[in-house]
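K.L.:
One structure, as structure tokens, below. Some questions next.
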Amino acid sequence: METHEAFRADLARSVRLLSAFRLEQSDPDYFYGLLARDTVAQLSTYTELDGALVVDVGGGPGYFADALRSAGARTVCVDCDAGEMRMRDGAMPEGAVLGSALRLPLVTGSVDVCFSSNVLEHVPDPVTMAEEMVRVTRPGGLVYLSYTSWYSPWGGHETSPWHYLGGHRAARRYERRYGKRPKNVYGESMYAVTVSRMLAWARRQDGAELLDAIPRYHPRWARHVVRLPGVREVVTWNLLLVLRRR
Ligand SMILES: C[S@@+](CC[C@H](N)C(=O)[O-])C[C@H]1O[C@@H](n2cnc3c(N)ncnc32)[C@H](O)[C@@H]1O
């Protein structure tokens, strides 16, 4: 098991992540490796990972699962797209299971940590996915759920910032400009999930206690933007919900 640095949500960390994001397309190993290590350090502030069984929902090529295993966790990576899972080097990631986030192929209460990064905005029914994550987590276990919210500057992914004029319009503009459909197609593989919607979901949970609702990439002093109706939709960027299963 690797020992990782203590997690510090300071401005330097936010700048580091933002700068690395520019390399997402050209050097995905660098960007996702860095983000995964950062995320695992953040997750470790909520729960012990050494020996824990963690499911990565929509884990794709497995960058997060790798970082989780480096922290001593045992991992299962559930994704519905074998192509995404093989994207890194043609092989399926360790512990890969083909399945849907909307109907997780896992027994109720069977995992210590249910983790998901940037998947919720890609499913047509985000509440069902979130409830599935709570279902498979054991009592006392942790749910870490993070997603890019629709009105964030990156809400439309590669069609941003034109999504502010409407998701379909942004997709049409992208196609005209680049001569191909965007990878993330509004209404097919990308959906408008707001901050308010999932905050409301998390707060009304009977089966889990909401421990934190924060802007995932922001410095600690900016965490309260999530409390500002309207403003939070734009400035939160990526909402992180952390819940403890009752
Ligand atoms: C933007 S990628 C994120 C991958 C990884 N979690 C990360 O942050 O690097 C979204 C992933 O969600 C997966 N996905 C989308 N809809 C899904 C569903 N209904 N069930 C399981 N996985 C899904 C996609 O195949 C893809 O791997």
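K.L.:
Give me the pairs: first residue in region 121-147 and under 15 Å from Leu241 (Cα atoms), second residue more than 10 Å from the ligand (Cβ to nearest atom) and acidic (Asp, Glu), beta-carbon distance under 8 Å, and six or more apart or on different chains, which are they?
P.N.:
Close Cβ pairs satisfying both conditions: Thr137/Asp112; Gly141/Asp112; Leu142/Asp112.
K.L.:
Same structure, new question: Only one of Leu18, Leu23, Leu43 is in contact (Cβ under 8 Å) with a residue 40 or more places away in the chain and either more than 18 Å from the chain's Cα centre (by Cα) or loosely packed, with under 15 Cβ neighbours inside 10 Å (or both). Can you tell me which?
P.N.:
Testing whether each residue is in contact (Cβ under 8 Å) with a residue 40 or more places away in the chain and either more than 18 Å from the chain's Cα centre (by Cα) or loosely packed, with under 15 Cβ neighbours inside 10 Å (or both) leaves just Leu18.
K.L.:
Check off (1) surrounded by fewer than 23 Cβ atoms within 10 Å (Cβ to Cβ); (2) away from the ligand (no atom under 12 Å from the Cβ); (3) free of Cβ contacts under 8 Å to residues at least 60 places away in the same chain; (4) closer than 19 Å to Val111 by Cα for Ala73 and give me the number that stays unchecked.
P.N.:
(1)
K.L.:
Of all residues in region 148-199, which are hydroxyl-bearing (Ser, Thr, Tyr) and touching a residue at least 12 places away in the same chain (Cβ under 8 Å)?
P.N.:
Residues satisfying the conditions are Thr148, Ser149, Tyr151, Ser152, Thr159, Tyr164, Tyr174, Tyr186, Ser189, Tyr191, Thr194, Ser196.
K.L.:
Which members of region 77-124 meet the condition of being within 9 Å of the ligand (Cβ to nearest atom), out of contact with any strand residue (DSSP E or B) (no Cβ under 9 Å at 6 or more places or on another chain) and assigned to a loop (DSSP other than H, G, I, E, B)?
P.N.:
Met87, Leu102, Pro124
Each value in this text was obtained by applying a stated rule to the coordinates, not by laboratory testing. Just so it is clear, the model here is predicted, and its values are computed rather than measured. Here Cβ is always computed from backbone atoms with ideal geometry, including for glycine, and neighbour counts include all displayed protein chains.
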